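Only one structure is covered here, and it is reproduced in the block below.
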Amino acid sequence: MDNDREAALAELAAALASLEGGGPPAPFLGGHGIQSRLFEFAWSDPALEIDFRLPWGLALDEEEPRRARDAEIGAAIRLALLLLQAPAAGDGGRITVAADSRGVSYAVFAPDGSLEDAGDDWEPLVRRLETGLSDTASTATIILP
């Protein structure tokens, strides 16, 4: 699983660099046609589940909506990087995050499966993760749109 995690981290970092350079967030492009392409990233292990499906590169978008979509995808990639580098949900718990065209969500579950925290804004989750990271892993920065 560590190799998969390391590969996912490298691919996400490359996708973020491409996106920030004005290119596509490859290799995470899905969909078809000029109005239905998506940034798609999914991860699932016992402590973490990520499901991102965000519109990208819609041909009929004007400049401002395109920039907003790119910023949202950039924030999703940064969050995925943070989650994949963070210690697993603590002590056997589970974190789930999702984002699609309807919005974002997260949930944090205790080891016994009970819900500790949930919401439709990632800022509380990011704060929670940043306080749990060691000094060596805290170099990731999340910029939410």
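Every read-out reported here was derived from the displayed coordinates using simple, explicitly stated rules and does not represent laboratory data. Fair warning: this is a prediction, and the values are worked out from it, not measured in the lab. Backbone-built Cβ (ideal geometry, glycine too); neighbour counts: all protein chains shown.
Distance between the C-alpha centres of segment 38-83 and segment 8-33: 9 Å, rounded to the whole angstrom. The overall shape of segment 71-125, judged from the alpha-carbon gyration tensor, is oblate: a/c is not under 1.5, and a/b is no greater than b/c. Highest mean packing comes first when the peptides 47-55, 110-118 are listed by Cβ atoms within 10 Å, giving 47-55, 110-118. Each residue, A68 and R127, gets one label point 7 Å from its Cα in the Cβ direction; the gap between the two is 2.5 nm.
Take the Cβ-Cβ distance between A107 and R5 as r, set R0 to 22 Å, and report the resulting FRET efficiency rounded to the nearest 0.05. The value I calculate is 0.60.
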